Amino acid sequence: MNTEISALLTIFGATGDLAHRKLYPSLFRLFKKGYLKNNFAVIGTARREWTNEYFHEVIADSVQDLAESQDEIEQFTSHFYYISHNVKDAAHYEELKHLSEQLDEKYKLDGNRIFYLAMAPEFFGIIGDMLKNKGLLTENGFNRLIIEKPFGHDLETARELNEQLSRSFNEDQIYRIDHYLGKEMIQNISAVRFSNMIFEALWNNKYIDNVQITLAETVGVEDRGDYYNRTGALRDMVQNHVLQIVALLVMEPPISLEGEDVRNEKIKALRSLRLYETAEEVKKNFIRGQYIAGDDLVGYRDEPKVDPDSTTETYVAGKIHIDNFRWAGVPFYIRTGKRMAQKETYIHVQFKHMAMNLFPSEDVKEVAEPNILTIHISPQEGFSLRLNAKRVGQGMEMKNIRMHQIFDEKTQANSPEAYERLLLDCLNGDPTNFTHWQEVEQSWKYVDYIRQAWDEDTSEPCFYESGSMGPKESYELLKRDGFSWTEFNWDPNKEQSPNDIMPEMTE
């Protein structure tokens, strides 16, 4: 039986899309599993003039597909309360405090409070100040603050925001959420590294040739054109998701898998990133792209709310260097973009070629292909390992084979969703899969040099056709080093099995 947790969760921005799509379904799953049962309550706040009854209808709609009965939904929604709230109005916090104290007594919550800021970052500071000044933070229970990205727009604004929040919350009370850190296979990176000697013993520059990280999306900017035009893929994806993956791949083994130990090693890893401090270095190592029309899809500049002359990048490819003893000389290639050929997030760890080729062949110039460990993150989840073996028959002709474990649909369906994992972690006070301020700080230090160089560059971005895997310049980036992107045989117009989409093997 799962241990029930007592807490009051207050959601600022409770009428928004994130709450409807992610937060309410995740809380419902925790409710069904017994983590939340009798002793919990949720206050939803936003500017809209909703009643409790209408709030319950909205929640019921968001969890309808997960419920086994209407009674189950009604039992769940009975723990939810709504207050129309202007975050800048001090009087509204008095009403919020009064309701919080009532619910604390009614549900026996022991003063445990979580505040989830599911709204624009410009309101984070004032909310934090109001929560403290108006007495919503308790002394007899825990107080935790969950905040969504973006945590600042650059290093300067991130520091300002952190200083604002630090007036009301200690670092160990702030949970900066990155939903990628809640994904099953992201959490599996540490498990694979530190529980398998065959990998950890080889996890260094002596045996690894290069690492490739791809976060590809098929969608465009959709209705986020105004936000995306100000942000771009570098800030939206690289500063957080991509660099968090890099940190997990390159960090040294922690003393334990407890939150503080893991985050300390990630901070050290991010400090090892080589900064590209000149425009020339940025141009040599990073590429910005923008999708144009293709396959009956409009280009970025024709999307709603987008400046028709915008040079904002919808695609980023880059080469990251890690300046430490373990990784010196190993390039980490990253790419992320919208309107790409496939919706797929994966990591390729490519090991070095054998020094001696003992298996010549008339048909194949390089028979012994490099071994590649692939971590499939989404939508498929699992692992694959590319090996060389002898072809069946006479002689010693080689064949590439693959070993893989791709989780089936049932396993994936039973796996906790990212927000579900992270909400439970926060309820339990486990910060492992949330980003520490120093991680955020180091990431912005790295990204700001790239952003500054691009902002000062008046040339056009590298264009790529919608439905492709990015601009040709991203392929040239690897080609200069003698590498190429390891890609899947992907047909977006038909369903395929894991065998179908694995990299083409030498026959």
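Computed quantities for the displayed model
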{"read-out": "Which numbered condition Val221 misses (of (1) within 14 Å of the chain's Cα centre (by Cα); (2) farther than 23 Å from Val349 by Cα; (3) not aromatic (Phe, Trp, Tyr))", "value": "(1)"}
{"read-out": "Unmet requirement for Asp129, which otherwise passes all of (1) closer than 27 Å to Gly232 by Cβ; (2) in a helix (DSSP H, G or I)", "value": "(1)"}
{"read-out": "The stretch 452-486: number of residues that are touching a Gly at 6+ places or on another chain (Cβ under 8 Å) and either without any contact (Cβ under 8 Å) to a residue 12 or more places away in the chain or not hydrophobic (A, V, I, L, M, F, W, C) (or both)", "value": "10"}
{"read-out": "Hits in the stretch 402-429 - residues which are modelled with pLDDT under 80 and over 30 Å from Leu23 (Cβ atoms)", "value": "none"}
{"read-out": "Those residues of the stretch 209-260 which are more than 25 Å from Arg339 (Cβ to Cβ) and of a type in the set (Gly, Ala, Ser), in sequence order", "value": "Ala247, Ser256, Gly259"}
{"read-out": "Residue list for the stretch 453-478, restricted to those being part of a strand (DSSP E or B) and either under 15 Å from Glu217 (Cα atoms) or modelled with pLDDT under 95 (or both)", "value": "Tyr464, Glu465, Ser468"}
{"read-out": "Evaluation of Glu456 against (1) under 16 Å from Gln290 (Cβ atoms); (2) surrounded by fewer than 18 Cβ atoms within 10 Å (Cβ to Cβ) (one fails), failing number", "value": "(1)"}
{"read-out": "Residue count, the stretch 221-244 (criterion: surrounded by 22 or more Cβ atoms within 10 Å (Cβ to Cβ) and not in a helix (DSSP H, G or I))", "value": "1"}
{"read-out": "Selected residue (criterion: farthest from the chain's Cα centre (by Cα)) from residues of the stretch 388-402 that are of a type in the set (A, V, I, L, M) and assigned to a strand (DSSP E or B)", "value": "Met398"}
{"read-out": "Top-ranked residue in the stretch 103-122 [being surrounded by fewer than 15 Cβ atoms within 10 Å (Cβ to Cβ) and under 31 Å from the mean Cα position of the chain (by Cα); ranked as nearest to Ala14 (Cα to Cα)]", "value": "Ala120"}
{"read-out": "Among the candidates Ala269, Ala247, residue that is free of Cβ contacts under 8 Å to residues at least 60 places away in the same chain, surrounded by 22 or more Cβ atoms within 10 Å (Cβ to Cβ), at negative phi and part of a helix (DSSP H, G or I)", "value": "Ala269"}
{"read-out": "Condition check for Asn52: surrounded by fewer than 19 Cβ atoms within 10 Å (Cβ to Cβ) and not assigned by TED's automatic domain parsing to the domain that holds Leu137", "value": "no"}
{"read-out": "Only one of Glu68, Glu57, Glu72 that is exposed (fewer than 14 other Cβ atoms within 10 Å of the Cβ) and modelled with pLDDT of 95 or more", "value": "Glu57"}
{"read-out": "Condition met for Glu156 (among the acidic types (Asp, Glu) and not assigned by TED's automatic domain parsing to the domain that holds Lys37)", "value": "yes"}
{"read-out": "Unique match (being more than 24 Å from the chain's Cα centre (by Cα) and under 20 Å from Leu424 (Cα atoms)) among Ile83, Ile126, Ile43", "value": "Ile43"}
{"read-out": "Qualifying residue in the stretch 29-39 (condition: under 23 Å from the mean Cα position of the chain (by Cα) and modelled with pLDDT of 95 or more)", "value": "yes"}
{"read-out": "Test: residue in the stretch 59-75 that is touching a residue at least 24 places away in the same chain (Cβ under 8 Å) and under 30 Å from Arg235 (Cβ atoms)", "value": "yes"}
{"read-out": "Helices (runs of 4 or more DSSP H) lying entirely in the stretch 1-88 (those with 3 or more residues that are in contact with a His (Cβ under 9 Å, 6 or more places away or on another chain))", "value": "52-63, 70-77"}
{"read-out": "Selected residue (only one of Ser168, Ser190, Ser195 is under 24 Å from the mean Cα position of the chain (by Cα), touching a residue at least 12 places away in the same chain (Cβ under 8 Å) and more than 22 Å from Ala19 (Cα to Cα))", "value": "Ser190"}
{"read-out": "Search result, residues across the stretch 188-216 that are modelled with pLDDT of 95 or more, hydrophobic (A, V, I, L, M, F, W, C) and not in a loop (DSSP other than H, G, I, E, B)", "value": "Ile208, Val211, Ile213, Leu215, Ala216"}
{"read-out": "Qualifying position, being in contact (Cβ under 8 Å) with a residue 24 or more places away in the chain, under 17 Å from Phe169 (Cβ atoms) and touching a strand residue (DSSP E or B) at 6+ places or on another chain (Cβ under 9 Å), among Gly44, Gly135, Gly141, Gly125", "value": "Gly141"}
{"read-out": "Matching entry among Gly294, Gly299, Gly232 (being assigned by TED's automatic domain parsing to the domain that holds Leu202 and touching a helix residue (DSSP H, G or I) at 6+ places or on another chain (Cβ under 9 Å))", "value": "Gly232"}
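The values are calculated or read from the model by the stated rules, or taken from the named source; none is laboratory data. Just so it is clear, the model here is predicted, and its values are computed rather than measured. Don't worry about glycine lacking a Cβ; one is built from the backbone with ideal geometry, like all the others, and counts go over all protein chains shown.
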